[in-house]
1. Return the residue satisfying two criteria in turn: it lies in region 55-98 and is surrounded by 10 or more Cβ atoms within 10 Å (Cβ to Cβ) and of a type in the set (Asp, Glu), and of such residues it is farthest from Leu45 (Cα to Cα).
2. Can you work out which of the residues in region 15-54 that are surrounded by 10 or more Cβ atoms within 10 Å (Cβ to Cβ) and not in a helix (DSSP H, G or I) is modelled with the lowest pLDDT?
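The values are calculated or read from the model by the stated rules, or taken from the named source; none is laboratory data. Quick caveat: nothing in here was measured; it's all calculated off a predicted structure. Virtual Cβ from ideal backbone geometry, glycine too; neighbours counted across all protein chains shown.
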Amino acid sequence: MAQREKSSVAVASLSSSVPTAVPSRERWGAAIGNLGELGANVESLQKLLARKAVFVDEDVFSKASLASEQARSIKILDQRVQSLEHELDAAISAAARARTEKRQAEAAQRAAELRAQEVTKELENTARVFQLHMEELRAKQEEIAKRDSDIKVLEAIIRTLSSKEDGGSSE
């Protein structure tokens with residue numbers, strides 16, 4: 001009975017402290033729902049007390065209240081531990097994926113470096129072959145120039161000889 005009086009006083013003080021502005025329907029609905037739930041809880045507690053008729057002194061009640069608070073705290077902390085474990089598992093999985101991606105990237109980089117070395121060697125070999133071909137071409141051009149020079153000398157000799165023969169036969 002004293003509990004009902006306290007509840008009605010709390011409700012009366014709550015309604016007097018509410019500002020005069022019109023509160024939203026959602027808040028009123030939630031408040032009414034909470035009051036209805038509170039009333040049902042009080043009624044079930046009264047029925048339980050009437051059946052069991054448990055009376056405890058304040059020391060036992062305070063110890064029971066403390067145990068109840070500690071049980072709630074333990075439950076909340078246990079939920080937090082589970083949440084942190086899930087976060088840790090996710091972080092471990094992400095780290096494992098990152099390590100795998102890093103290894104794959106390193107392998108791809110090594111493959112690219114090897115390919116770059118192969119291409120560089122191919123270019124160097126191509127440059128050497130090109131240089132050898134150029135040297136060969138220059139040597140052949142020099143040989144052609146020498147033979148061209150020899151041909152001109154021989155043509156000059158032939159002209160000289162043919163002009164002597166022409167000059168000697170016309171006399």
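1. The qualifying residue farthest from Leu45 (Cα to Cα) is Asp89.
2. Checking each candidate, the answer is Val18.
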